[in-house]
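Participant: Right, I'll just put the structure down here and ask away after.
What follows is calculated from the coordinates using simple rules that are stated; it is not laboratory data. Nothing here was measured: the structure is a model prediction, and the numbers come from that model. Neighbour counts are summed over all protein chains in view; Cβ atoms, including those assigned to glycine, are modelled from backbone coordinates with ideal geometry.
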Amino acid sequence: MEDVYPYPVARIGLIGGGQLGRMMVKAAKRLGCTCVVLDPLQGSPAGQVAGHQIVGDYSDPAKLRELAESCDIVTFELEDIDTETLITLEEEGHRIYPRPQLLATIQDKYAQKQFLRDAGIPTSDFIDMPQADAAAFAAFGYPLVQKARRGGYDGRGVAVMTDETAFARRLPVPGYVERFVDAEKELAVMVARNVGGECRVYPTVEMRFHAGDNVLDFLVAPANIDSETARRAEALAMRTVEAMDGVGVFGVELFLAADGGLLVNEVAPRTHNSGHHTIEACVTDQFEQHLRAILGLPLGETRQLTPATMVNLLGEPGYEGRPVISGLAAVLAIPGVCVHIYGKAVTKPGRKMGHVTVIDDSIDSACEKATRVKTLIKILGDKKL
Ligand SMILES: Nc1ncnc2c1ncn2[C@@H]1O[C@H](COP(=O)(O)OP(=O)(O)OP(=O)(O)O)[C@@H](O)[C@H]1O
Ligand SMILES: [Mg+2]
């Protein structure tokens, strides 16, 4: 193909207007692309930056069609989308990446687990559990983890159960149960694969979760593991995305067991919270990389230039309404601190309102600064609950 591109290089249709979309729109503009965002909320975080938004639901066939018809290529920043319409649009010739059929497999977490098992990718044992059943749970054996098939995010569709008494907290939805993994660490590897099959991985990162809920609390990049384990994690993540014939950027979440074994927990067919540090710390960030991958452009270098940590800025408990950012100047005064505010009109307890990446010469000092950042900056709201 001739290496000549009229402006805009591509018109990107983006399903989902949240923070991942917002950061992708910024990368798209840098590359000379324009974006249209589909989101039910007028003035969504991504819509504000794109300047052009279709207001509508992710499962509204007419709106999905309008988006596809107004763009050269369609992608998404979330999983809960009507894939039937996307499959029809793809059959009609619209370019949609990652492919809708793969999204359909991944968005059904049980189907995703089956895919992993069938592809020979190590993952925890599991059985189908269309309805929570005390005897079936006990027969599978505790500790176990019950997961909803669909719609879960940030751990909302996950119930970790140590013994029978936890059955009272079961999820009242169709799901499955899987073996509890006593993980030493939770790791993630961002994988990029373009339409030509070129594949690159970012250095393995370590995710630390907040005790009590499952929202990522602290990201350490690169992970504090030996280089052989990092290499194995990266190879496994790449093998997973290749088995899926995935096109785009994928977040592969892994468990590192005490014996050094690695299991794939789940795969996100999109940019991921554990790749935010790539904006400041890597040669090519995950958002630009995703666009390069789906547009069939050469993938960028994934090399990490500096140690980094990342903390999410969650809506402070006890507040809602218009966000009020407390401690902003204090954290900006710390060298190496990069603040990202997502532009959400309303805060809620635990809602992802922004993140802070800290880059520093050593991972220890980056962690120390990130800990300080967490105590200094708070996303309050103009209404007290
Ligand atoms: N089999 C397991 N054994 C131990 N812990 C688990 C297991 N499955 C999930 N968890 C814990 O629950 C968290 C959330 O699970 P999972 O990633 O499957 O759900 P999710 O809702 O997609 O979460 P997110 O959107 O945050 O990625 C995991 O990061 C891990 O801490
Ligand atoms: Mg997860």
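Participant: Using Cα-only point scatterers and the Debye equation, what is log10 of I(q)/I(0) for the stretch 11-96 at each q in 0.13, 0.14, 0.20, 0.21 Å⁻¹, rounded to two decimals?
Facilitator: Those come out to -0.33, -0.38, -0.79, -0.87, one per q.
Participant: With the radius of gyration and the Kirkwood radius both derived from the Cα set of the stretch 183-384, what is their ratio Rg to Rh? Write out the running numbers ahead of the final one.
Facilitator: Numbers: Rg = 17.2 Å, Rh = 17.4 Å.
Looking at the stretch 183-384, the ratio lands at 0.99.
Participant: Also: When you take every Cα atom in the chain, what is the radius of gyration, and what is Dmax, the widest Cα pair distance, in Å?
Facilitator: Final numbers for Rg and Dmax: 20.5, 64 Å.
Participant: Still on this structure: Order of VAL339, VAL49 from fewest to most other C-beta atoms within 10 Å? All intermediate terms of the calculation are to be shown ahead of the outcome.
Facilitator: Numbers: VAL339 15, VAL49 19.
Going from least to most buried by this count: VAL339, VAL49.
Participant: Please list 3J(HN,Hα) in residue order for the stretch 247-252, calculated via the Karplus relation 6.51 cos²θ - 1.76 cosθ + 1.60 where θ = phi - 60°; whole Hz, with x for glycine and proline.
Facilitator: 10, x, 9, 10, x, 9
Participant: Picking from ALA345, GLY296, VAL324, whose Cα lies most toward the positive end of the charge dipole for the stretch 249-370 (charges on Cβ: Lys, Arg +1; Asp, Glu -1)?
Facilitator: ALA345
Participant: Across 5 Å bins from 0, what is the distribution of all Cα-Cα pair distances for the stretch 232-330, in whole percents?
Facilitator: Distribution as computed: 2, 10, 15, 18, 18, 13, 10, 7, 5, 0 percent.
Participant: Among HIS277, THR240, LEU263, pick out the residue whose Cα is farthest towards the positive end of the charge dipole of the chain, where Lys and Arg carry +1 and Asp and Glu carry -1 on C-beta, about the Cα centre.
Facilitator: Positive-end residue among those listed: HIS277.
Participant: How about the stretch 261-333: which trypsin sites (Lys or Arg not before Pro) there are in a DSSP loop, with at most 14 other Cβ atoms within 10 Å of their Cβ?
Facilitator: Taking the stretch 261-333 and a limit of 14 other Cβ atoms within 10 Å, the loop trypsin sites (Lys or Arg not before Pro) found are ARG303.
Participant: If you don't mind, there's one more thing I want to ask. Could you line up CYS282, CYS35 from fewest to most neighbouring Cβ atoms inside 10 Å?
Facilitator: CYS282, CYS35
Participant: For the stretch 1-148, evaluate the Debye formula with one uniform point scatterer on each Cα (no solvent term) and list log10 I(q)/I(0) at q = 0.13, 0.14 Å⁻¹, rounded to two decimals.
Facilitator: Computed log10 I(q)/I(0) values: -0.69, -0.76.
Participant: Only four residue types carry charge here, +1 at the Cβ of Lys and Arg and -1 at the Cβ of Asp and Glu. Report the dipole size of the chain about the Cα centre in Debye, rounded to the nearest 20.
Facilitator: 1060 debye
Participant: Tell me the Kirkwood radius of the stretch 307-385: reciprocal of the mean inverse pair distance over distinct alpha-carbon atoms, in Å.
Facilitator: Result for the stretch 307-385, one decimal place: 12.6 Å.
Participant: Lys pairs in the stretch 299-385, Cα-Cα under 14 Å, at least 8 apart or on separate chains: how many?
Facilitator: 6
Participant: Checking understanding here: applying a Kyte-Doolittle mean of at least -0.5 and a length along the axis of at least 18 Å (C-alpha), which whole DSSP H helices in the chain pass?
Facilitator: Once both thresholds are applied, what remains is 227-243, 363-376.
Participant: What list do you get for SER44, SER70, SER124 if you sort them by fewest beta carbons within 10 Å?
Facilitator: If I rank by nearby Cβ atoms, fewest first, I get SER70, SER124, SER44.
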